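Only the coordinates and a few stated rules stand behind these numbers; no lab work does. None of these values were measured; they are calculated from a predicted model. All Cβ positions, even for glycine, are placed from backbone atoms using ideal geometry, and neighbour counts span all protein chains on display.
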Amino acid sequence: MDPQRLKIGISACFMHADPTRALFTGKTLQYVEQSIAHWVMSTGALAVMIPSPSGATRRGDVTLDHYAQWLDGLVLHGGADVSPLSYGEQPLQERWAGDKIRDEYEIDLVAAFERQGKPVFGVCRGLQLVNVAYGGTLYQDIATQLPEALPHRDASVYDRNFHTVDIVAGTRLAQLYPQDARVKVNSIHHQAIKRLAEGFEVEALSHEDGLIEAIRRADRGKPYLAAVQWHPEFHQPGADTIDDAALLADFLAAAAAARSP
């Protein structure tokens, strides 16, 4: 194996135990969606799913810190809603209760990579999770709490739902896209940042309604920590959407700089 290849961890999605499920009846499944793994691997990095070491069937002494020590960076995967309980609220409706178990796993995962000084990049839910992990809050449902906002999720077209975002001048994101003050992105979320976590800056806003679409840790002296609300892995090369290669390259450069010996 080429020792120079970067090893990038991807947080797991959870399919919790279900006694009515025909396959793996009553068992908890952890997985990654194919596109995010392929996006990470697109420039030669190795993608590694990080399973949660906790749970009813736990065995051995492996911890998230072991993964953070071994891996060079972390990508927070999209998926289930962040639970309002994770930022001190009650769900406005039961269907927005989210996945508190996954929240706790990913908050601990971010903390483990933080302790090791390794970079973290969040995608969609990952942006929301980062914001919550550092003390921010979310709109539980955009359509309910911000009825004047753009439809940010359309289940009938899923990743073919698009809108434009304005990149904030003077940010790192603006440096990565010097010719693109406004770009087109996919939109597959019904939750969004309400109160931005302290210590972060906004890098992009939805052009139509001003919702936060990209954030980054403001203190460049601390480990790399950035996130976007869209799914870069779902954009197709050569399409009229933003070319997400620069985002990935920037994250991987930070991973290379901080990699374990």
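Looking at the chain alone, DSSP beta bridges between its own residues are antiparallel in about 60 percent of cases. In percent, rounded to a whole number, the relative contact order of region 7-258 is 18, using alpha-carbon pairs under 8 Å and six or more apart. Lysine pair count for the chain with Cα-Cα distance under 27 Å and sequence separation of 8 or more or different chains is 9. Karplus-based coupling profile of region 65-78, in residue order and whole Hz: 5, 4, 5, 5, 5, 7, 7, 9, x, 10, 10, 8, 6, x, with θ = phi - 60° in 6.51 cos²θ - 1.76 cosθ + 1.60 and x standing for Gly or Pro. Protection proxy ranking of 90-99, 207-216, by the mean of other Cβ atoms within 10 Å over each peptide's residues and highest first, is 207-216, 90-99. Taken over the C-alpha atoms, the chain has Rg and Dmax values of 17.8, 53 angstrom.
Only helices reaching 30 angstrom along their own axis (Cα) with mean Kyte-Doolittle hydropathy no lower than -1.0 count here, and not one DSSP H run of the chain does. Over the chain, dividing the summed -39,500 (n - 2.57) contributions of all DSSP H runs of at least 4 residues by the number of residues returns a 222 nm mean residue ellipticity of -7000 deg cm²/dmol. Cβ crowding within 10 Å ranks 36, 101 as 101, 36, fewest other Cβ atoms first. The charge dipole of the chain, taken about the Cα centre with unit charges on the Cβ atoms of Lys, Arg (+1) and Asp, Glu (-1), comes to about 700 debye, rounded to the nearest 20.
Sorting 35, 83, 187, 156 on the 10 Å Cβ count, fewest up front, what's the list?
156, 35, 83, 187
Which of the three applies to region 21-69, rounded, prolate or oblate, going by the alpha-carbon gyration tensor with a ≥ b ≥ c and a/c under 1.5 meaning rounded? Oblate.
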